[in-house]
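The values are calculated or read from the model by the stated rules, or taken from the named source; none is laboratory data. Predicted, not measured: the structure shown is a model, and the values here were computed from it. When we count neighbours, we look across all protein chains shown, and the Cβ atoms used for this are built from the backbone with ideal geometry, even at glycine. Side chains are part of the model used for accessible areas, which takes the heavy atoms of the whole protein and leaves out ligands, DNA and RNA. Shrake-Rupley method; radii C 1.70, N 1.55, O 1.52, S 1.80 Å.
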Amino acid sequence: MGLLLSTKPTQSEIIEKSSSSSTPAPPESQSQIIDSSAAEMGQEDPKKEKEQSQQGGSGKVIDAVWGEIDLSDGSGPNYRNLSWVKASVLEVKTQIGLGVLGLPAALNTLGFVPGILCILAIAIIITWSDYVVGTFKMNHPEVYTVADVGYIMFGPWGREILGFAYLLEVVATGGASFLSISVAFNAITDHATCSVVWAIIGAVAVGILSSIQTLGKISWLGWVGLVSIMSAIITLMIGVGISSKPSLAPEGIQGVDWQITTQAVAHPSFVEGINAVCIIIFAYAGTPNFFNIVGEMKNPEDFTKSVLVGQTAITTIYLVVAAVVYHYVGQYIASPALGSAGVVLKRVCYGLALPGLAVGGTLFMHVAAKYIFVRVLRNSRHLAKNTPTHYFAWYGCVILVCAVGFIIAEAIPFFNDLLSLIGALLATVICIQMEAFMWMWDNIRSPTRGTLSWNLLMAMNILFFVLGWFLMIAGTYGSVVTINDNFKSGDVGSAFSCADNS
């Protein structure tokens, strides 16, 4: 794209050079702050990790994160086998889920024109953030998660703080998938059993799928999940288009007793407006998982291509779904939106969406488990070898994150409101502010500093950084107000409730 203002070699170039020469290229220099931080942590210097990534041999890849990956004897999982097409599918599925069906409600709150403009604006900001993830990874091959970025920029404290924020967000989002699965089963079976039972079934299914060791092998589930969710969404759009009236519209004659109203420009309160904007942000909040995706790509330099394809596809889907459903349903949008076309189609849509809900939870629980797994076994031969320690650590991490996600989702009576609060507090920081700062960190001393392109990009990133903080503060305020209102009205559930949540 011409936006990477750096002359550092790509990972594939490093490996190719190392295959033809036994003498590794000199490592890139890094700041003294990073060197001293590595010494304080008692961990291997990032420069040494880069030196390691420059060595390779026949049938082997030396990766700055995974160490030696032997492709010749199958002695360990291949953590570098993800193509850019599979990466695009995972990027789309990481973001798209039933959250897309919150977009028509956002348009109802903001109005058609402001809502569409907000979707486009946030798409541009998040696409830039996703692009920066790839360039930062190319400049710092030792990065695998948000926590590694925190370590590079802020030292040990940055690693722990950002790592905790990242883990909390992905585990909570994965836990929410268990509730979504219970909602789907309740809708399909007309609440045939306790909702907690359905959530347990969802947690077990997600846990089994999450235990697949690499994103390359898990990518086929991305296709299944994408087809599943898209089938449900298309069925919903057809249903609301041919239905005589929305399911929430009152009985009577259209135009006399009820009438669908769509607004070009609405006039919401500040809290209503910012909550609607946060719905759109959450629909794009898959950026933290992109570190894992680029970290397991066969050719990381193709990451930008995968981002452009994935973000174009998902933005097109969001615009079409939001506009079509809002046009045919208007103010009578149901929550969840799959109920907007009536009871029968609600069951059909949830049946179609069920595999997609499981895959969505799988991706979040997989990356959460992988974060802990890499932290525990990094710089150990067990990380990329099929040893008993490797298997025990991996499956233990999967069970741990699924159990924690299930407990916080079921034990907290106001979990949905808490999830909104976590998203408002953390999603913008991890998806917007951090990436803007990453670009500034990598390019503040660029040789092109002072040129027109550098000045424009620096101004854009400063704008995104400031805007992200505003959205975080305003979104957190809106979520707190909503939680407080729900407590006052008594609209709060109970822990491990068997009640029908569909």
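Scanning the stretch 381-397 for residues that are in contact with a Ser or Thr (Cβ under 8 Å, 6 or more places away or on another chain) and in a loop (DSSP other than H, G, I, E, B) yields Lys385, Asn386. Scanning the stretch 260-316 for residues that are open to solvent by 10 Å² or more (accessible area, probe 1.4 Å), more than 30 Å from Asn416 (Cα to Cα) and not in a helix (DSSP H, G or I) yields Lys298, Asn299. Among the residues of the stretch 192-215, those that are touching a Cys at 6+ places or on another chain (Cβ under 9 Å) and either hydrophobic (A, V, I, L, M, F, W, C) or open to solvent by 10 Å² or more (accessible area, probe 1.4 Å) (or both) comprise Thr193, Cys194, Val196, Val197, Ala203, Val204, Val206, Gly207. Taking the conditions exactly as written (under 27 Å from Ser211 (Cα atoms), touching a residue at least 60 places away in the same chain (Cβ under 8 Å) and not aliphatic (A, V, I, L, M)), does Gly405 satisfy them or not? Judged against the criteria, Gly405 is a match.
Give the residue that is nearest to Ala285 (Cα to Cα), with candidates limited to residues of the stretch 433-452 that are open to solvent by less than 70 Å² (accessible area, probe 1.4 Å) and without any contact (Cβ under 8 Å) to a residue 60 or more places away in the chain.
Gln433
Residues are listed down the side, and each one gets a yes or a no for (1) out of contact with any helix residue (DSSP H, G or I) (no Cβ under 6 Å at 6 or more places or on another chain); (2) closer than 27 Å to Pro288 by Cα; (3) of a type in the set (S, T, N, Q); (4) surrounded by fewer than 24 Cβ atoms within 10 Å (Cβ to Cβ):
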position	(1), (2), (3), (4)
Ala334	yes, no, no, yes
Ala341	no, no, no, no
Tyr391	yes, yes, no, yes
Trp394	no, yes, no, yes
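Does any residue of the stretch 425-432 turn out to be open to solvent by less than 20 Å² (accessible area, probe 1.4 Å), closer than 23 Å to Tyr284 by Cβ and more than 21 Å from the chain's Cα centre (by Cα)? The answer is no, given that none of the residues of the stretch 425-432 is open to solvent by less than 20 Å² (accessible area, probe 1.4 Å), closer than 23 Å to Tyr284 by Cβ and more than 21 Å from the chain's Cα centre (by Cα). Return a yes/no flag: does the stretch 483-501 have any residue that is in a helix (DSSP H, G or I), over 26 Å from Ala205 (Cβ atoms) and within 26 Å of the chain's Cα centre (by Cα). Yes.
Could you say whether any residue in the stretch 159-181 is over 30 Å from Pro413 (Cβ atoms), assigned to a helix (DSSP H, G or I) and open to solvent by 10 Å² or more (accessible area, probe 1.4 Å)? The answer is yes; a qualifying residue exists.
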